[in-house]
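Taking it in order: structure first as C-alpha cells, then the write-up.
The values are calculated or read from the model by the stated rules, or taken from the named source; none is laboratory data. Quick caveat: nothing in here was measured; it's all calculated off a predicted structure. Glycine also receives a Cβ, built like all others from the backbone with ideal geometry; neighbour counts cover every protein chain displayed.
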Amino acid sequence: MQKLIECVPNFSEGRDESVIHQITDAIKTIDSVSLLDVDPGASTNRTVVTFVGPPDAAVEAAFRAIKKAAELIDMRKQKGAHPRMGATDVCPFIPVSNVSWEEAIDCANHLGKRVGEELKIPVYLYEKAAKHKSRSNLSVIRSGEYEGFFQKIKQPEWKPDFGPAVFNEKAGATVIGVRDFLVAYNVNLNTKSVRRATSVAFDVREQGRVKTEDGTPSGKPVLDSNGEPVRIPGTLKHVKAIGWFVKEYGIAQVSMNLTNIEETPLHVAFDACVEAASNRGLRVTGSEIVGMVPKKCLVDAGRHFLRKQRWSEGASEEELIDIAIRSMGLSELKPFDPKEKVIELKIESTEQKPSLVKMNLREFCNETLSDSPAPGGGSVAALMGALGASLGGMVANLSAGKRGWDDKLEYFSDWAVKAQQLKDELLSLVDEDTAAFNKVMDAFALPKESAEEKAVRSRAIEEATKYAAEVPLKVMETASKSYELLSEMADKGNPASISDVGVGALATRACIEGAALNVRINIGQLKDEKFKSALLEKVRKTGADSEAQLKTIIGVVEGKLSKS
C-alpha cells in the first residue's frame, strides 16, 4: 500500500491571487504530490492549502511552499482577522494511509530543520511533534502574534526548536507539527429547533454539559471544591459539538469536530447521535461530511453497518463505501461523490494514470493480445492470483450467508475480509508489473553517446531490471498467502462450492508458476550474481511450498467431489 501523508499549511495571504498561485505552483512542482484544496479568505487574509503525497515528497513540497511564501509575503505589512505569527503560520502533517505517527513526526522534524537552517526562519514544533509539553498547543505558541514575538523570542523558554533565536522581520516564525486528522461532520435532525439540536450535541460531545442542582439547563450550576462548574461528560471522546439551524436546508444539525477518528470513528459518532436523538423523541435523517475524509473512515463504517446487519464484512471497498454513504445518509442534502470527498480517490482521479485494472475484461484481453509487450505474462499472472483469492473469498461469503450456519458467520466473514485484502494487493501488482517493465524500457532508451552516459544508462538498466524481477517475486509471495484461505474453505466452507475452491487453487498455482517464469527471465541479464542467487532461492522455496499446499487442497477437493 502506498504511504500517504496530508499536509495543511496556512499562509498569511488570502487576498492576492498572484501570491497564492505562486505558492501553490511551488507545491505542484513535486510530481508525486497531489494538491487537493486551496481555500483563501479575504477577511482573515489567510489561505489554507491541502495536499497529500508520500512522506518525503510532502516534506519537499512543504519546504518549497514555505520558501516561496517567505519570498513573497512581508509580515511587516500583513494585516488580517486571523491570529498569525509568520508568512507560513502553521504547517501540520496528518497521517492518511500506511504512515505511522513516528514517520509523521520525522517529517515535521526534517522540515523544521531545513526551514530553520536554510531559510533562517524560527521554527516551533507543536502537538504530537512538540519537544516541550508547554508548547504542544498552537494557541499558546502563537500568543502575542507577530507583533509580540520580537520580545517573546528573546526569552529562554521561547528559544525556537530550529532556526535562529532572532525574529525574522519579513517572514516571521513558523509552527510545524503533527496532529490527528480532523473530520468536520454534521448530523441532520427532523427538527428546526436549535435548542433541541444543542441538547443532542451536549449528550454526545466529550465536554458534555454543566451539572445543575435541579437537573435543568437553566438551573443553578453545581460547583466543585475549586469553585469550577461540575460537568456531566457526553458519550463520545475527542468530539466537540454544538447545535445549529441551517437556513439553506431548513433543518437543525448537530455540528461536530471529530479530532481523533481512530478512537471515535465516524460511524460511532453517527450511532451516538441516533441514540441521543431517539431518546429525545427526534430522528436522525442523514448527515454530511464537510471537507474531505480518509477512505478508511468509510470502509470501516461500511463494515460496521454490515456487522449490525449480521452479514459478512467481506465486501469490496467500493461496496463498503456505498453502504456507508447509504447507512449514514451522506447524500441527503447534496450528492456525496466519493471521488471528490475521499482523499485517496480524489488523488486517483487527479493523477489520471493509465490503469489496467480499470479496464473491462474485453479491453484487458484486447490490450494483452495486441502487439504491445505490456501487459505481459507478469501482469496476467498477478490477475490470475487475484482471481484465485476472489474465488476463495466468494466461498467464504457464501458460507457466511448459509442458512443454519449463523454461529459460523464471524469465522467466514473474517476470511472473506482477508480475501478482499489479498485480491486488492494482487490487483495493484497487475499495474505494478507493467510499470516495472516500462521502467526497464525507459532505461534502455537513455542516451549512450559518451562514456559517462553509457555508465549512467548501464546502472539504470541494472536497477530497473532488479525491480522488474522483484515485482513478480512479490506476486508469488502474495498469492501464496491465498492457499491458507483456500485450504480453510476446502475443509470448512459450503460443500456446494467445493469446485470453486479447486479452481481458485489452480488459478493461484498458475499465478505463482507464471510469476516465477518472469523472475527468471528478468534476472537473466543482471550482473549482480549475489542478488540473482538470493532471488532464485526465494523463487525455489515459494514454488516448492506452493506445490505442497496445492496437493493438499486438491486432495480435499477431489475427495469431496467423489462423494457428491
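Observations on the model:
- Number of the condition not met by Val59 [criteria: (1) among the β-branched types (Val, Ile, Thr); (2) in contact with a strand residue (DSSP E or B) (Cβ under 9 Å, 6 or more places away or on another chain); (3) not in a helix (DSSP H, G or I)]: (3)
- Residue in the stretch 549-557 that is out of contact with any strand residue (DSSP E or B) (no Cβ under 7 Å at 6 or more places or on another chain), without any contact (Cβ under 8 Å) to a residue 60 or more places away in the chain and within 30 Å of Arg403 (Cα to Cα) present: yes
Residue-by-condition table, conditions (1) at pLDDT 90 or above; (2) farther than 30 Å from Ala201 by Cβ; (3) touching a helix residue (DSSP H, G or I) at 6+ places or on another chain (Cβ under 7 Å):
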site: Leu125; (1), (2), (3): yes, yes, yes
site: Ala129; (1), (2), (3): yes, yes, yes
site: Glu147; (1), (2), (3): yes, yes, no
site: Lys159; (1), (2), (3): yes, yes, no
site: Phe162; (1), (2), (3): yes, yes, yes
site: Ala165; (1), (2), (3): yes, yes, no
site: Glu169; (1), (2), (3): yes, yes, no
site: Val178; (1), (2), (3): yes, no, yes
site: Val183; (1), (2), (3): no, no, yes
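To keep it simple, each residue is scored yes or no on (1) without any contact (Cβ under 8 Å) to a residue 24 or more places away in the chain; (2) assigned to a loop (DSSP other than H, G, I, E, B); (3) under 17 Å from Leu4 (Cβ atoms); (4) more than 22 Å from the chain's Cα centre (by Cα).
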| site | (1), (2), (3), (4) |
| --- | --- |
| Ala26 | no, no, no, yes |
| Val99 | no, yes, yes, no |
| Cys107 | no, no, yes, no |
| Lys113 | no, no, no, yes |
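- Members of the stretch 80-138 that are among the acidic types (Asp, Glu), closer than 15 Å to Phe63 by Cβ and in contact with a strand residue (DSSP E or B) (Cβ under 8 Å, 6 or more places away or on another chain): Glu117
- Hits in the stretch 1-22 - residues which are touching an Asp or Glu at 6+ places or on another chain (Cβ under 8 Å) and free of Cβ contacts under 8 Å to residues at least 60 places away in the same chain: Val19, Ile20
- In this structure, Arg209 does not qualify as farther than 29 Å from Ile289 by Cβ, of a type in the set (Lys, Arg) and in contact with a strand residue (DSSP E or B) (Cβ under 8 Å, 6 or more places away or on another chain).
- 1 or more residues free of Cβ contacts under 8 Å to residues at least 40 places away in the same chain and of a type outside the set (D, E, K, R): qualifying helices (runs of 4 or more DSSP H) within the stretch 312-395: 317-327, 343-351, 361-369
- Test: residue in the stretch 405-417 that is assigned to a helix (DSSP H, G or I), within 22 Å of Leu486 (Cα to Cα), among the basic types (Lys, Arg) and outside the structural domain of Leu298 (by TED's automatic domain parsing): yes
- Candidate set: the stretch 28-64, residues that are more than 25 Å from Met85 (Cβ to Cβ) and of a type in the set (D, E, K, R); chosen: the one nearest to the chain's Cα centre (by Cα): Asp56
- Within the stretch 441-496, being outside any helix (DSSP H, G or I) and touching a residue at least 12 places away in the same chain (Cβ under 8 Å) holds for Leu446, Lys481, Gly493, Asn494.
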